[in-house]
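Okay, structure first, notes after.
The values are calculated or read from the model by the stated rules, or taken from the named source; none is laboratory data. Worth saying up front: this structure is predicted, and the values here are computed from it rather than measured. Virtual Cβ from ideal backbone geometry, glycine too; neighbours counted across all protein chains shown.
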Amino acid sequence: MDRDRLIIVRGAGDLATGTIHRLFQAGFPVIALETQYPAAIRRQVSFCEAVWDKSAEVEGVKAVLADNTAQAFDALNRGMVPVIVDPEGTLIRTLKPAVVVDGILAKKNCGTSIDMAPLTIALGPGFTAGIDVDVVIETKRGHNLGRVIREGQACRNTGIPGNIGGYTIERVIRSPEEGILKNIAGIGDVVEKGQVLAEIRMDNGGIVSVAATITGVLRGLLRDGFRVTRDFKIADIDPRKEELQNCFTISDKARCISGGVLETVCRYFHEKDFHETAQNR
């Protein structure tokens with residue numbers, strides 16, 4: 001493992017996982033930092049599930065939970081992606097990576113700064129390239145998705161999900177109340193509009209049903225037993241019934257974003273190697 005090319009990615013949800021997967025497959029050692037209670041919807045394609053289950057596999061790449069840096073480097077040496085619970089990113093100062101990628105997708109800066117590494121990259125809105133980080137990658141669906149931004153910001157968050165099969169807001173389901181989520185349906189199920197997908201079991205003993213808003217494939221669903229607040233995103237339906245396999249593979253959006261990250265990382269190391277070679281002549 002080449003420690004000089006170490007990359008740390010903050011966040012390991014589905015979009016961050018697309019970036020982690022691509023960087024890892026390109027030969028870079030990658031460590032993911034996550035929160036103690038990850039709330040991924042697209043759990044089948046999110047390395048953050050390793051926090052809950054000790055391991056997670058996405059398209060042939062396995063991630064494992066590491067309790068410390070020694071375990072993390074051992075996992076890298078064994079060809080796996082280590083996931084460490086470190087929501088504040090405190091290990092970044094210790095490990096001194098070459099690259100830090102903020103893949104939290106919080107639509108705001110959760111503590112990433114341009115001085116954390118020689119190259120810093122952020123996915124989506126909430127950052128200004130050249131000030132908060134070196135580079136921002138556009139995450140909004142459309143013509144500019146995956147674009148590398150070296151000055152300025154990504155498009156602001158509209159609050160409206162991307163259009164899939166003619167649906168935007170309708171395909172995202174949110175909790176009607178606060179409580180504990182009890183799943184009835186599962187990821188990959190073909191569901192009909194009005195079908196009960198889950199229940200919210202409230203602290204007062206009440207139970208509220210959560211129904212499908214459209215007909216389609218249940219592409220994402222929060223973990224059973226997760227405590228949710230009112231209006232918390234808990235599920236995602238893809239209206240294209242024929243796209244069942246998409247539930248278990250990295251999305252087109254994640255791949256496009258990861259392409260922008262890989263381009264930025266490869267350019268950085270190419271320029272760095274070029275300058276070092278020139279100085280040594």
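Can you pull out every residue in region 195-226 that is closer than 21 Å to Ser46 by Cβ, surrounded by fewer than 15 Cβ atoms within 10 Å (Cβ to Cβ) and charged (D, E, K, R)?
Asp224
Quick one: which residue in Asn144, Asn77 is surrounded by fewer than 17 Cβ atoms within 10 Å (Cβ to Cβ) and under 18 Å from Gly18 (Cβ atoms)? Even if it seems obvious, please write down each step before you answer.
Working: Asn77 fails: under 18 Å from Gly18 (Cβ atoms).
Answer to the selection: Asn144.
Test Glu276 against the criterion of being under 25 Å from the mean Cα position of the chain (by Cα), acidic (Asp, Glu) and assigned to a helix (DSSP H, G or I), and give yes or no.
no
With of a type in the set (Asp, Glu), surrounded by 24 or more Cβ atoms within 10 Å (Cβ to Cβ) and modelled with pLDDT of 95 or more as the only criterion, which of Glu34, Glu57 stands out?
Glu34
Could you list all residues from region 191-234 that are touching a Gly at 6+ places or on another chain (Cβ under 6 Å) and in a strand (DSSP E or B)?
Ile200, Arg201, Ala211
Out of everything in region 177-233 that is more than 25 Å from Gly166 (Cβ to Cβ) and of a type in the set (Asp, Glu), what residue ends up being nearest to the chain's Cα centre (by Cα)?
Restricting to residues being more than 25 Å from Gly166 (Cβ to Cβ) and of a type in the set (Asp, Glu), the top hit is Asp224.
Which ones in region 211-231 are in contact with a Leu (Cβ under 8 Å, 6 or more places away or on another chain), touching a residue at least 60 places away in the same chain (Cβ under 8 Å) and not charged (D, E, K, R)?
Listed by number, the residues that qualify are Leu221, Leu222, Phe226.
Regarding region 173-185, can at least one residue be identified that is surrounded by 14 or more Cβ atoms within 10 Å (Cβ to Cβ), small (Gly, Ala, Ser) and touching a Lys or Arg at 6+ places or on another chain (Cβ under 8 Å)?
Yes: one or more hits.
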